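The values are calculated or read from the model by the stated rules, or taken from the named source; none is laboratory data. Source: prediction; values computed, not measured. Heads up, the Cβs are rebuilt from the backbone with ideal geometry, glycines too, and the neighbour counts pull from every protein chain shown. Note: accessible area is taken over every heavy atom of the protein model, side chains too, but ligands, DNA and RNA are not part of it. Shrake-Rupley method; radii C 1.70, N 1.55, O 1.52, S 1.80 Å.
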Amino acid sequence: MTITGNHASTSHGEPAAAGTAARPEVSFDTSPQQYRHWQLSVDGPVATLTLDVDEDAGIRPGYELKLNSYDLGVDIELYDAVQRLRFEHPAVRAVVITSLKDRMFCAGANIRMLAQASHAWKVNFCKFTNETRNAIEDAAASSGQTYIAALNGTAAGGGYELALACEQIVLIDDGASVVALPEVPVLGVLPGTGGLTRLTDKRGVRRDRADVFATTAEGIRGAKAAAWRLVDETVKPSGFAAAVRRRVQAAVASSARPARAAGVPLPPLRRVSDGDVTSYEHLRIEIDRRAGAATLVLRGPDQVPSSVAALHEAGAAAWPLALVRELDDAILRLRVNEPEIGTWLLTTQGDLGKVAQASALLLDGAGDWLVNEIIQYWKRTLRRLDTTSRSLIALIEPGSCFAGPLLEVALAADRQYMLDGTGGEDSTGGQDSAGGQDSTGGQDSTGGQDSGPAAAIRLDAFNAGAAPMSSGLTRLQVRFLRSDADLAAALAAAGQDLTAPRAAGLGLVTETPDALDWADEIRLVVEERASFSPDALTGMEANFRFAGPETSETKIFGRLSAWQNWVFQRPNAAGPDGALSRYGTGQRADYDSGRV
């Protein structure tokens, strides 16, 4: 069954620099029928993702996507395909990624795109691409969908990094096709999507060989590539298809994915923008440009499915899946389209008990394939929040519903402020906490009543390990690192409604202002955040969020991304005489030889 050929794409674009004409917003909306660069086909338990990049369909003008090179638009389609394979095709057990181009799998990120892109664009592009590669690995680890890279041609740079994200790599041995990471010798930058880390940590390539490989511009082919563990197998053209088929059959046989389950279609999100307010069905974003802040209001469910069967029946409309899709989209859109909105205020509205019921449904039904996929989607989206370079402040007020997965959103924040008391009159004085219009429409979060219950939060088993961070630790474990007694005390309070004094006593919130101080306290926090260097804040927040042990994923987002961020700004790479600027001109880069 062929799902897509190449069709018209949705509109994407990079925000313009100050003083230039506005570019279209970047949209992450797409579907297989709109893909320009990928073809997705499904045959029973096997899916094939075929890369066939449209050279003239870059996400912005000024470059051609030659040799199956990619930009953000290509990766938006890949991310969409990975998501759909997990939700819409539960019977798929093996996914083959290959190319339609003769002797070229993928040349990696488009160099001319990188050379002309702003620094922020390059960094966000690499971050999203990393998250998409991690989603491929997560599909294998958490969903039983094994990805196999069938390299029918050269895989260079980000193309090889895409292959490294797959569980298995088969390289055609045609005398010409190679695998390569040429970024250091050719471009003066680093492989930006996990290549260095996956070489050693995932594939076990010896560090001396990894050093040789990453400084050999022409790459490595044939038996040597297999001997060095750069690929799993090299095969002559006559046996290439059969070798891939054998690996696919073995992956299908070893997977526990359900053979006859009906998939859940993922329809387009319903999103309406009116100036600085964007509304989804369960989420609202309100931007206060003067304060440089956005308020994200996540709404709890009106109804909770009574059973796993009812959850299946509701499909993408079920609250746990609908909200996480909206949150994922909101994070991505704010990241790319609103770089100067540096503080995100994370709030909720709804019935705490109903959110707890929804959380219990997920936890009790975790053995079901759809429930597992929803939990894993929350895990990935929360990790996307963890790696977002914005100041995250959780506001817990009367009428909020921070329980289960929504409490994880609060725990992902850099600080948590919880109003002590019922709030009385509107605790924000008719304005939101960033100084704009009240996000609840001028009423307090209990609907304008001054006699509602006090704000409360509720821990449950979801917070004890269902959605761990990239480090493998829960957000509670990171919060109480080296404080086992505090962690145990917090977990012992699971299932209880914790008001401000109790939550503060357990160390679950940062401050608990009363109604009289609330508005001023939050205003000062937002103003203070806006007064600091955003670069220093990004580095500080990332250090604190990822306390504890390292994993391959934390190395990719921390160590590697931090160095690449720095390298992208250096004259040796991005200066007028740097490698990116001189690429394709025939001139060698003029490097400053001083080490820093």
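For a Förster distance of 35 Å, can you work out the FRET efficiency between the beta-carbons of D201 and S238, rounded to the nearest 0.05? Intermediate values should be presented prior to the final figure.
Values: r = 34 Å, r/R0 = 0.98.
Calculated value: 0.55.
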### Query
Label D211 and S41 with points 7 Å out from Cα along Cα→Cβ: what is the distance between them in nm?
4.6 nm
### Task
Tally up the carbon and sulfur contribution to the accessible surface of segment 249-356 as a whole percent, 1.4 Å probe, everything protein left in place.
50 percent
### Message
Compute for segment 106-145: radius of gyration divided by Kirkwood radius, i.e. Rg/Rh, restricted to C-alpha atoms, rounded to two decimals.
### Response
1.15
### Neighbour cut-off at most 11 other Cβ (10 Å), DSSP loop, trypsin sites (Lys or Arg not before Pro), segment 285-373
R290
#### Entry: Selected from A261, A547, Y591, residue furthest toward positive end of dipole (the chain; charges at beta carbon)
Y591
### Message
Rounded to the nearest 5, what % of DSSP beta bridges with both residues in segment 168-290 are antiparallel?
### Response
70 percent
### Message
Please compute the modelled spin-label separation between E218 and R270, points set 7 Å along Cα→Cβ, answer in nm with one decimal.
### Response
6.0 nm
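Pull out the extension gain between A317 and R502, defined as 0.36 nm times the separation in residues minus the alpha carbon to alpha carbon distance; nm, one decimal.
Gain on extension, A317 to R502, equals 63.1 nm.
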### Message
Using +1 at the C-beta of Lys and Arg and -1 at the C-beta of Asp and Glu, which of M418, V96, A309 has the Cα lying farthest in the positive direction of the dipole of the chain?
### Response
V96
## Note on the structure
For segment 345-418, dividing by residue count, accessible area per residue (probe 1.4 Å) in Å² works out to 19 Å²
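Taking the solvent-accessible surface of protein heavy atoms with a 1.4 Å probe, what is the per residue accessible area of segment 69-140 in Å²?
On a per-residue basis, 22 Å².
Give the carbon-plus-sulfur fraction of the accessible surface of segment 115-204 in %, rounded to a whole number; probe 1.4 Å, heavy atoms of protein chains only.
It is 55 percent, rounded to a whole number.
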### Query
When we measure straight from the Cα of K555, which lysines land under 27 angstrom away, once same-chain ones fewer than 8 places off are left out?
K122, K127, K202, K379
### Highest average packing first - 399-407, 258-266, 66-74, 139-147, Cβ atoms within 10 Å
399-407, 66-74, 139-147, 258-266
